[in-house]
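Heads up, the thing below is written out as structure tokens.
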Amino acid sequence: MRTCTFKSIRHTPCSRPDRSRYAGSMPPDQNSPAAASASRARPSGQPGVGTQILGLLAFLAASALVAGLGGLATGNNVDGWYATADKAPWSPPNWVFGPVWTLLYTAMAVAAWLVWRRQAEGTRPALTAYAVQLVLNLLWTPAFFGLYPLLGTPALWIAFVIIVALAVAVSVTIVRFGPISRTAGLLLLPYLAWIVFASSLNLWMALHN
């Protein structure tokens, strides 16, 4: 009995785990601690750090372009017809507009960047709404300042229609941004408040000029 047991043990081949079956089941880089930590640090689908920096610069450049083109329309008219126009009693001094718009353009660019970098399900329609309001923002300045010497009061009413549409577009953008990035939605609230305030200035001038 002892001999049989010995022979059976002796002639039974040793079984070792077949590591080849597991070697190709997962890429080696996914098994490494560095890859695991990188996966945890960057959510799936989110752009890399370099791409995010370029994206932020692109959004800032778009805001700067809109601001610069608007400055061309206001340059010759602020000290022209606008200086002698009948303005609302609550209209701030001219020097206030520059710093306020600089902060608002920067905030809206950062808000759009925060939404873009998330790459969430609603990112595309949210950024489409943002692009629409940016175009309306660009159109308002030349309509208000540039067309008045040509059309007179009708130019101010055209500008008023544009700025009301701008307020609606910004509201839609905030609604779209909020679920993706709460910070992005909050960053646009001062912008919307300023647009509403500017609408009141525009309406007064359309009624009294």
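Each value in this text was obtained by applying a stated rule to the coordinates, not by laboratory testing. On a predicted model such as this, the values are computed, not experimentally measured, just so you know. Note: ideal-geometry Cβ built from the backbone for every residue, glycine included; neighbour counts use all protein chains shown.
Mark the label point 7 Å from the Cα of Trp90 along Cα→Cβ and return the residues of segment 175-209 whose backbone N is within less than 18 Å of it. Answer for this model: 190-208. Taking the fewest neighbouring Cβ atoms within 10 Å as the starting point, the ordered list for Arg117, Arg124 is Arg124, Arg117. Magnitude of the charge dipole for segment 48-208, about its Cα centre and with charges confined to Cβ atoms of Lys, Arg (+1) and Asp, Glu (-1), is about 460 debye. Here the Karplus relation 6.51 cos²θ - 1.76 cosθ + 1.60, evaluated at θ = phi - 60°, turns the backbone of segment 129-140 into coupling constants of 4, 5, 5, 4, 5, 5, 5, 5, 4, 5, 6, 5 Hz, with x for every Gly and Pro.
Computed from phi, the 3J(HN,Hα) profile of segment 154-160 under the Karplus parametrisation 6.51, -1.76, 1.60 (θ = phi - 60°) reads x, 5, 5, 6, 4, 5, 5 Hz, with x in place of Gly and Pro.
The Cα atoms of segment 124-175 cover 39, 13, 9 Å along the three principal axes, with the biggest extent listed first. Look at the dipole of segment 48-208 built from charges on Cβ: of Thr102, Ala120, Trp90, the Cα furthest out on the positive end belongs to Ala120.
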